[in-house]
Amino acid sequence: MSVVILGIETSCDETSASVVIDGTQIKSNLISSQIDIHRKFGGVVPEVASRKHLEIINRVIREALDEAGVTFADLDAVGVTYGPGLVGALLVGVAAAKAIAFGLDIPLVGVNHLEGHIYANLLAEPDPGLPLICLVVSGGHTDLVLMHGPGAYELLGATRDDAAGEAFDKVARVLGLGYPGGPLIDKLAECGDQQAITLPRSYLEEGSLDFSFSGLKTAAINYLHRAEQKGEEVNRADLAAGFRRAVVDVLVDKTLLATQNHGTQTLLLAGGVAANKLLREEFTKRAKQEGLRLIYPPPVLCTDNAAMIACVAYCKYRRGDFAPLTLNAVPNLPLGKEKY
């Protein structure tokens, strides 16, 4: 018998619902983005995000079921992101999932958002080979994770200040590009010379697998401000290209160091920044040189989506790892450490 899972994701500014069968067959994956709403603020406003989730979550769930050709009666379980993320946004998804689980008397599965990003790769490649290294890089996270097996994770490194995606957003704002910054800098950088403007790379202590992008962000912003104060014209495409190059160099170098330290042969990319064109190109080149197997999901599964949540929920369902109906949102939920 096939296992039909409804996944729900509301950790930030995307309201998403998905129906996935047996952990790999995506029958629907609806994503309602709030980008146009938050763009005028230059970033996500938590209270606005949670209110928007409330307005549309029931419709998104219904449309996901309709597109998949299933009804509530066909569901075997409901999986939901309960952390990390914006607490108000998370609560909307958790409340909806608990109501469905209670009303249908089916299991409720709590899912860590970061684990969802990792499992997005399994939707593209169900058998990645273990153990493996995964770089989770997004607006809120820049983490290097050693995955020993299902649910077994070791955090090797994390950002000490700005996440990579956050740095992209802040630099894009100063460049006058708008929000979200990552895709806009990526597009502008394609027209620039990445060697024209040299920006710093922070590798921290020797051998460290942690990240720090605050200094790079500040250097890029100061470069622009100093030029403006002197009345000098700045080639914004060159600045975008130099900034993107500096971020990618650090991400790639530290990730490959992690694979060398732990002798792993498989490398995964996950999170919104994993859709960055240069990042994919550089990882593809370096992985080939190092003889590593590189896996990354299609762009639609890099951003926040409920299909990746349903994929994790299926694996936890098979293990009987269910959450109680008292499940609450945990905005700072660590990876691999359940807090039911």
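The values are calculated or read from the model by the stated rules, or taken from the named source; none is laboratory data. Computed from a predicted model, the values in this text were never measured in an experiment. Here Cβ is always computed from backbone atoms with ideal geometry, including for glycine, and neighbour counts include all displayed protein chains.
Looking at 294, 256, 239, 268, can you tell me which residue is at pLDDT 95 or above, touching a strand residue (DSSP E or B) at 6+ places or on another chain (Cβ under 7 Å) and buried (at least 18 other Cβ atoms within 10 Å of the Cβ)?
Values: 294 fails: buried (at least 18 other Cβ atoms within 10 Å of the Cβ); 256 fails: touching a strand residue (DSSP E or B) at 6+ places or on another chain (Cβ under 7 Å); 239 fails: touching a strand residue (DSSP E or B) at 6+ places or on another chain (Cβ under 7 Å).
Answer to the selection: 268.
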**Asked** Tally time: how many residues in the stretch 253-297 are over 23 Å from residue 153 (Cβ atoms), in contact (Cβ under 8 Å) with a residue 40 or more places away in the chain and not in a helix (DSSP H, G or I)?
**Response** 1
**Message:** Quick check on the stretch 124-140. Is at least one of its residues closer than 25 Å to residue 331 by Cβ and surrounded by fewer than 24 Cβ atoms within 10 Å (Cβ to Cβ)?
**Reply:** yes
**Asked** Is it fair to say residue 190 is within 28 Å of residue 312 (Cβ to Cβ) and of a type in the set (Asp, Glu)?
**Response** no
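Any chance the stretch 87-97 includes a residue that's touching a Lys or Arg at 6+ places or on another chain (Cβ under 7 Å) and more than 20 Å from residue 293 (Cα to Cα)?
Of the residues in the stretch 87-97, the ones touching a Lys or Arg at 6+ places or on another chain (Cβ under 7 Å) are none.
Taking every residue of the stretch 87-97 in turn, none turns out to be touching a Lys or Arg at 6+ places or on another chain (Cβ under 7 Å) and more than 20 Å from residue 293 (Cα to Cα).
Inside the stretch 304-325, can you point out the residues that are assigned to a loop (DSSP other than H, G, I, E, B), surrounded by fewer than 23 Cβ atoms within 10 Å (Cβ to Cβ) and in contact (Cβ under 8 Å) with a residue 12 or more places away in the chain? Quick ask: steps written out before the conclusion?
The first filter runs over the stretch 304-325 and keeps only residues assigned to a loop (DSSP other than H, G, I, E, B), leaving 304-305, 320-322, 324-325.
So of that shortlist, the ones also surrounded by fewer than 23 Cβ atoms within 10 Å (Cβ to Cβ) come out as 320-322, 324-325.
Answer for the stretch 304-325, where residues must be assigned to a loop (DSSP other than H, G, I, E, B), surrounded by fewer than 23 Cβ atoms within 10 Å (Cβ to Cβ) and in contact (Cβ under 8 Å) with a residue 12 or more places away in the chain: 321, 322, 324, 325.
Whether any residue in the stretch 31-42 is of a type in the set (S, T, N, Q) and buried (at least 21 other Cβ atoms within 10 Å of the Cβ) is what I want to check. Break it down stepwise before answering.
Start the filter on the stretch 31-42 by keeping residues that are of a type in the set (S, T, N, Q), which leaves 32-34.
Remaining after also requiring buried (at least 21 other Cβ atoms within 10 Å of the Cβ): none.
The answer is no, given that none of the residues of the stretch 31-42 is of a type in the set (S, T, N, Q) and buried (at least 21 other Cβ atoms within 10 Å of the Cβ).
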**Item:** Index of the failed condition, residue 103 passing every other in (1) surrounded by fewer than 17 Cβ atoms within 10 Å (Cβ to Cβ); (2) of a type outside the set (D, E, K, R); (3) more than 20 Å from residue 299 (Cβ to Cβ); (4) in contact with a Ser or Thr (Cβ under 9 Å, 6 or more places away or on another chain)
**Value:** (4)
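Let's see how each residue does on (1) at pLDDT 95 or above; (2) of a type in the set (A, V, I, L, M, F, W, C); (3) under 20 Å from residue 120 (Cβ atoms):
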{"position": "26", "(1), (2), (3)": "yes, yes, yes"}
{"position": "39", "(1), (2), (3)": "no, no, no"}
{"position": "63", "(1), (2), (3)": "yes, no, no"}
{"position": "67", "(1), (2), (3)": "yes, no, yes"}
{"position": "72", "(1), (2), (3)": "yes, yes, no"}
{"position": "79", "(1), (2), (3)": "yes, no, yes"}
{"position": "83", "(1), (2), (3)": "yes, no, yes"}
{"position": "92", "(1), (2), (3)": "yes, yes, no"}
